[in-house]
Amino acid sequence: MRIDAELAMTLAAVADAGSLEGGARVLHISQPAVTQRIQALERSVGQVLLVRSRPVRPTAAGERVIRYARQIQHLERDAVAALGVEPGSHTSVSIAINGDSLATWFLEPLAELAEQGDVTFELHRADEGRTAGLLTDGTVAAAVTTQAEAVSGCTVARLGEMSYEAFASASFASRWFPAGVTRAALEAAPVIDVDADDALQTRYLESFGADAGLPPRHRVPGSVELARALERGMGWAVLPAGLSGGMPQLVRLGGPSVTVPLYWQQWRVRSALLDRIAAAVAAAATRSLRTAGPRGA
């Protein structure tokens with residue numbers, strides 16, 4: 001079986017646009033032509049690739065074909081840039097990254113690469129436990145993730161551990177923790193989470209034997225926004241080590257740090273650009289993250 005690259009790219013365009021009509025506009029062809037291409041692709045692979053809903057969505061098989069299409073597009077852009085066929089052209093690379101890394105160490109290596117003038121970045125911010133899913137469906141070519149096992153079709157390397165400490169404003173700490181951080185105080189003091197999937201504060205609570213279901217909880221999306229909420233005394237939370245600098249209103253609450261292992265996963269394709277990005281990210285991680293054990297491969 002051979003997957004036609006043009007047909008696969010048509011499927012990707014339709015999935016991105018959310019409809020056959022939208023895909024047709026992006027590709028500058030008629031809707032019937034798009035329909036014929038999708039049907040031809042489904043016949044060639046012997047599976048349904050697109051659920052004709054509103055919006056349309058790819059099936060599991062369709063996601064695999066879309067990832068193939070995005071890899072072909074990436075390799076094509078990589079080759080064009082390397083050949084100098086289009087002077088001044090840029091290769092766009094999509095990367096999934098968790099908010100805490102984005103707010104602290106991750107932009108530095110990307111900025112250095114961007115200065116070289118041949119690459120632009122499309123960053124997708126997602127919880128570090130979810131970024132691997134964006135690799136699976138082909139949305140991104142690389143991701144910072146907590147998943148140590150390689151996503152199918154990807155390579156994985158350990159970056160290190162991001163370390164978190166508990167912080168609050170001085171006024172909040174004096175009100176809620178006058179005798180220091182104790183189990184009873186933690187079960188009463190308001191907590192700030194990024195979202196419903198943010199388990200970092202829960203891990204800190206559990207390290208004291210506190211019932212994580214007792215304290216009132218705010219949700220403030222975004223690492224920087226959460227830090228601002230801390231400054232204003234809305235509650236306490238854990239912050240990555242590099243984010244609290246320059247915030248003299250915040251004080252450390254003490255207690256054990258919370259650590260999160262991070263890994264770099266990228267498509268298993270021969271791409272000099274992806275390898276260059278991986279090397280820059282690994283170097284920045286070495287400078288910024290806590291190392292723990294040997295790096296994976």
Here the residues within the stretch 209-255 that are open to solvent by 60 Å² or more (accessible area, probe 1.4 Å), assigned to a loop (DSSP other than H, G, I, E, B) and of a type in the set (A, V, I, L, M, F, W, C) are L214, M234, A241
Residues satisfying the stated conditions in the stretch 13-61, i.e. touching a Gly at 6+ places or on another chain (Cβ under 6 Å), part of a helix (DSSP H, G or I) and open to solvent by less than 30 Å² (accessible area, probe 1.4 Å) = A13, V14, V34
Count, please, the residues in the stretch 1-34 that happen to be farther than 12 Å from P58 by Cβ, touching a residue at least 40 places away in the same chain (Cβ under 8 Å) and under 31 Å from the mean Cα position of the chain (by Cα).
-> 4
Qualifying positions in the stretch 104-127 - in contact (Cβ under 8 Å) with a residue 12 or more places away in the chain and over 12 Å from V144 (Cβ atoms) = E108, E112, L113, G117, D118, V119, T120, F121, E122
Can P240 be described as at pLDDT below 90 and over 28 Å from C154 (Cβ atoms)?
-> no
For E149, the lone unmet condition from (1) farther than 21 Å from D100 by Cα; (2) surrounded by fewer than 19 Cβ atoms within 10 Å (Cβ to Cβ); (3) modelled with pLDDT of 95 or more; (4) not hydroxyl-bearing (S, T, Y) is (3)
Can you tell me how many residues in the stretch 114-139 are of a type in the set (A, V, I, L, M, F, W, C) and within 22 Å of V260 (Cα to Cα)?
-> 5
Could you count how many residues in the stretch 200-250 are closer than 19 Å to D127 by Cα and in contact with a Lys or Arg (Cβ under 9 Å, 6 or more places away or on another chain)?
-> 5
Taking A111 as the residue in question, decide whether it is more than 16 Å from the chain's Cα centre (by Cα), open to solvent by 40 Å² or more (accessible area, probe 1.4 Å) and at pLDDT 85 or above.
-> yes
Restricting attention to the stretch 174-193, which residues are among the β-branched types (V, I, T), part of a loop (DSSP other than H, G, I, E, B) and crowded, with 19+ Cβ neighbours inside 10 Å?
-> V181
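Could you list, in sequence order, the residues of the stretch 91-102 that are within 12 Å of the chain's Cα centre (by Cα) and open to solvent by 10 Å² or more (accessible area, probe 1.4 Å)?
Within the stretch 91-102, S94, G99, D100, L102 qualify.
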Go through the stretch 194-208 and count every residue that is among the aromatic types (F, W, Y), touching a strand residue (DSSP E or B) at 6+ places or on another chain (Cβ under 8 Å) and not in a helix (DSSP H, G or I).
-> 0
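Which residues, taken from the stretch 143-160, are in contact (Cβ under 8 Å) with a residue 40 or more places away in the chain and farther than 21 Å from R290 by Cα?
Correct list: A150, V151, G153, C154, T155.
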Restricting attention to the stretch 271-289, does a residue exist that is open to solvent by 20 Å² or more (accessible area, probe 1.4 Å) and part of a loop (DSSP other than H, G, I, E, B)?
-> no
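The values are calculated or read from the model by the stated rules, or taken from the named source; none is laboratory data. Since we're looking at a predicted model, the values are computed, not measured. Here Cβ is always computed from backbone atoms with ideal geometry, including for glycine, and neighbour counts include all displayed protein chains. With ligands, DNA and RNA removed, areas are computed over all heavy atoms of the protein, side chains included. Shrake-Rupley method; radii C 1.70, N 1.55, O 1.52, S 1.80 Å.
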